[in-house]
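Each remark here refers to the structure printed beneath this line.
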Amino acid sequence: MTSAQKLSVEQHTNQGIQEIYDEAASYYQQLRWFKTRLTRLEYAQTEAALLSQFHFSQEKKGRYLEIGCGPGTWTKVVAAHAAEVIALDISANMIEQARRYVGDDANVTFVHGDAAHYQPVDRLDGFFSFRVIEYIDGWQDTLRRVAAHVPSGGRAVICTKTPISVYRGTGRERWFTTGVKRMLGKLQRRLLRRPEPPADDRFWQRYVSPAALRQVLEEAGFTDFDLAPAIYGLPIFWRGTCQYPLIPQFAEPPFMWAFEQGRKLASRLPMGARRMSLVFSESYVLSATRR
Ligand SMILES: C[S@@+](CC[C@H](N)C(=O)[O-])C[C@H]1O[C@@H](n2cnc3c(N)ncnc32)[C@H](O)[C@@H]1O
């Protein structure tokens, strides 16, 4: 494959993700963060991880870039502590939702664009990105480019999905049955001479390990790394991501309580043990300070 062909494939994949998030923009935030007490717990856990890594002062200060603001969920949280947030997203529909969610008079400037090609214009006091780098082809270059605009003392706070985790699977599918289901489906279509359904090749994601993320930020001049689990527990709820649908709705609260205690405990473990405890996290936050 020539480099010109490769570039067009990469642009296409980011474009596929743009289409998917444009389509999901109207319901994404409600479904992902606010719909049930389970998703509200995941919101609270992610918010706690974000706030633990930012070290905000009482005073609202600093200009922060958010990469992939989506419907503005974390934009709003950071904007409550910062002087200014520049919120970038590849999906115009997501930006529209975010504008509504954070309010027109908020200290937020929205930018519609692909982070893979984004070039900050201003000096930044830091940047953050929640559940986005896994979709950016060329995330390493994006972080390097943005980091070049952060002076000494600035913060980087990145949240992404945990690669080695009990949550790994295929979203809402039960991974332990999908292999069999797929096989049976294929067999049925062969017997009935039906065509294979076209795969939605627009969606893809990668898993970025804390070590890989740390290396990129280290090379970009960051130090004083910290790591915290974000969504933490076990994927065992009937209403949850359904990897292990064991706990019915009425029995959720004690498990939710235990998982939140687990997150708090894991966040305080020595670094080696904390890294290992990430196996019970769906996502993690890595933060660092510019040298
Ligand atoms: C899973 S959503 C997360 C949204 C939000 N950060 C949150 O946690 O609720 C991923 C977001 O990243 C955006 N995104 C994906 N690839 C991007 C890219 N290359 N440049 C900018 N935004 C991108 C999507 O449009 C979407 O809004």
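The values are calculated or read from the model by the stated rules, or taken from the named source; none is laboratory data. What you are looking at is a predicted structure, and each value in this text was computed from that prediction instead of being measured. In this analysis, Cβ positions are derived from the backbone assuming ideal geometry, glycine residues included, and neighbour counts consider all displayed protein chains.
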| query | Only one of these conditions is not met by Phe54: (1) out of contact with any His (no Cβ under 9 Å at 6 or more places or on another chain); (2) more than 23 Å from Gln15 (Cα to Cα). Which number is it? | reply | (1)
| message | For segment 32-49, which positions are more than 10 Å from the ligand (Cβ to nearest atom), of a type outside the set (D, E, K, R) and closer than 23 Å to Leu227 by Cα? | response | Thr39, Leu41, Ala44, Gln45, Ala48, Ala49
| query | Does segment 185-207 contain at least one residue that is modelled with pLDDT of 90 or more and crowded, with 17+ Cβ neighbours inside 10 Å? | reply | no
| Out of (1) surrounded by 13 or more Cβ atoms within 10 Å (Cβ to Cβ); (2) assigned to a helix (DSSP H, G or I); (3) of a type in the set (S, T, N, Q), what's the single condition that is false for Gln243? | (2)
| query | Does segment 272-282 contain any residue that is farther than 24 Å from Ser209 by Cα and of a type in the set (D, E, K, R)? | reply | no
| query | Considering only residues of segment 225-267 that are charged (D, E, K, R) and under 22 Å from the mean Cα position of the chain (by Cα), which is farthest from Ala48 (Cα to Cα)? | reply | Arg239
| remark: If you go through Leu51, Leu38, the only one that is under 20 Å from Tyr167 (Cβ atoms), more than 15 Å from the chain's Cα centre (by Cα), touching a residue at least 12 places away in the same chain (Cβ under 8 Å) and outside any loop (DSSP other than H, G, I, E, B) is Leu38
| Gly113 vs. criteria in contact with a Lys or Arg (Cβ under 8 Å, 6 or more places away or on another chain) and within 8 Å of the ligand (Cβ to nearest atom) | no
| Options Gln58, Gln5, Gln29, Gln53: the member that is modelled with pLDDT of 95 or more, more than 12 Å from the ligand (Cβ to nearest atom) and polar (S, T, N, Q) | Gln53
| message | Can you tell me which residue is surrounded by the fewest Cβ atoms within 10 Å (Cβ to Cβ) among those in segment 262-291 that are touching a residue at least 24 places away in the same chain (Cβ under 8 Å) and assigned to a loop (DSSP other than H, G, I, E, B)? | response | Arg291
